[in-house]
Amino acid sequence: MSGQSHDHPHETGDVKASGWFDPSQSQAPVLDFERGEYEDRVARTQREMARRGIELLVVTDPSNMCWLTGYDGWSFYVHQCVLVPVDDMPLWFGREMDVNGAKQTTYLPFGRLIGYDDRYVQSPDVHPMDHLADIIKGYGWGARVIALEMDNYYFSAKCYTSLRAHLPDARLEDAAALVNWRRLVKSPQEIAYMRKAARIVEAMHKRAFEIVAPGMTKKDLAAELTYSGIVGVDEEGGDYPAIVPLIATGREASAPHITWDSTKIKKGDVTFFEVAGCYKRYHCPMARSIFLGKPPQHILDAEKALLEASERAMEAARPGNRCEDIANAFFTTLRGLGFDKSSRCGYSTGLSYPPDWGERTISLRSGDTTELKPGMTLHFMPGLWYDDWGLEITETLLITEGAVECLANVERGLMVKD
């Protein structure tokens, strides 16, 4: 994890800066950030490309596409990407019917939006990457060092074999989450969006505690949580989250990624729900656990251990420390109180699309030496899962110049309702 270069979002570079954006070439899109912030993101990405000797970057992660250009749409089920040359402005590539969505959500002039014909969609005979390879060669980039987001949900083996076959003169490399690492430190506007997501997740948890009762089904709880997340707060609605509500009750709570069904919530069981408020694609995840009735001693002991270990971990969440400092403080305290956890205790979060609200960069575990910097946002995830029960009490953290900040304000601890 060490050795990654992390530019600050407000650094400026000399790579094709302001003269890119000609308003006469595009309609007025609805942008979630100032154009200058998008320019800066691209420039930081191009600097890292130049440092690694990458001449063309093929960005297929929709979160990275959005971060670089503003593109937003539920079109990631077909192949699409943003091409980032090291020496020119980006180019959006996607299904022809989605070009209008790119016109409405990105800052790119129309000439940088390229749609492919529908005959390429889910065809056994031709593939969108066949056409993309022709475009790359048409721009004179066919013999470049080209980096691909190989370890990514949205880049298939067929994508690679197509590009390999149709770009014989290119040198294809793994981008190794190049753009993801640039996203670690959030800008003030990104943090503002995450604060709005935090207000939404607060409302979701408040609603859950109000209505949960013995005999309620998990599907009904999921429906209420989803409704609260979409309605939002203060007349500002929420977006769809990258992960659906995760709800487990009783023995199911031993499994962290169970969703809803018609199972009824019973008195005497722990029920956890992990959800996120989402605003303009920025997430604030949070999990809490509810016990209906009087909690048994082993659950109370686990709660006490989680809370104490979490406090020690959050004390270590300061700029200049390392990610592993948070993890080591948590795990050392937890073991000292008689509990063990084999999985990591958190990860970076922020802008995302399904199926995950993590940024797929840093992890809170021993060995991750990434330095903590103000503006980083982490989902601190100290869940415990045993053979027949589980307990989740999590927070989204903002690294500041001083003490860490919990973005959402929901009482930390086991929620008990008798």
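Both radii come from the Cα set of the chain: Rg as radius of gyration, Rh as Kirkwood radius; their ratio Rg/Rh reads 1.00. In the chain, the DSSP beta bridges split such that about 75 percent are antiparallel, to the nearest 5. Rounded to the nearest 10 degrees, the inclination of helix 188-211 to the longest alpha-carbon principal axis of the chain is 40 degrees. Taking a ≥ b ≥ c as the square roots of the eigenvalues of the alpha-carbon gyration tensor, the range 18-182 is classed oblate because a/c is 1.5 or more while a/b is no larger than b/c. Residue-normalised convex hull volume from the C-alpha trace of the range 306-350: 73 Å³ per residue.
A simple spin-label model places pseudo-atoms 7 Å from Cα toward Cβ; at residue 121 and residue 234 they are separated by 3.9 nm. Taking the longest Cα principal axis of the chain as reference, the axis of helix 297-315 is set at about 50 degrees. Judged by the ratio a/c of the largest to the smallest principal axis of the C-alpha gyration tensor, the range 188-417 counts as oblate, that ratio being 1.5 or greater while a/b is no larger than b/c. Which residues among the range 281-296 fall inside the zone where the amide N is under 14 Å from a point 7 Å beyond the Cα of residue 209, along Cα→Cβ? Only 287-292 pass the distance filter.
Figure the gain on full extension for residue 88 and residue 172 (residue separation times 0.36 nm, minus the Cα-Cα span) and round it to one decimal in nm.
Details: separation 84, 0.36 × 84 = 30.24 nm, distance 1.93 nm.
Roughly 28.3 nm would be gained on extension.
Where both residues lie in the range 18-182, what percent of DSSP beta bridges are antiparallel, nearest 5? Bridges in the range 18-182 are about 40 percent antiparallel. Within the listed set 108, 178, 167, the residue fluctuating most in the Gaussian network model of the chain (springs between alpha-carbon atoms under 10 angstrom) is 167.
Extension gain for residue 28 to residue 400 (0.36 nm times residue separation, less C-alpha to C-alpha distance): 130.4 nm.
Quantify how much of the Cα-Cα distance distribution of the range 211-309 extends past 15 Å, in percent. So the pairs more than 15 Å apart make up 64 percent of the total in the range 211-309.
Where a number appears in this text, it was derived from the coordinates with a stated rule and is not lab data. Because the structure is predicted, anything quoted here is derived from the model rather than measured. Methodologically, a virtual Cβ is constructed for each residue, glycine included, from the backbone with ideal geometry; neighbour enumeration extends over all protein chains shown.
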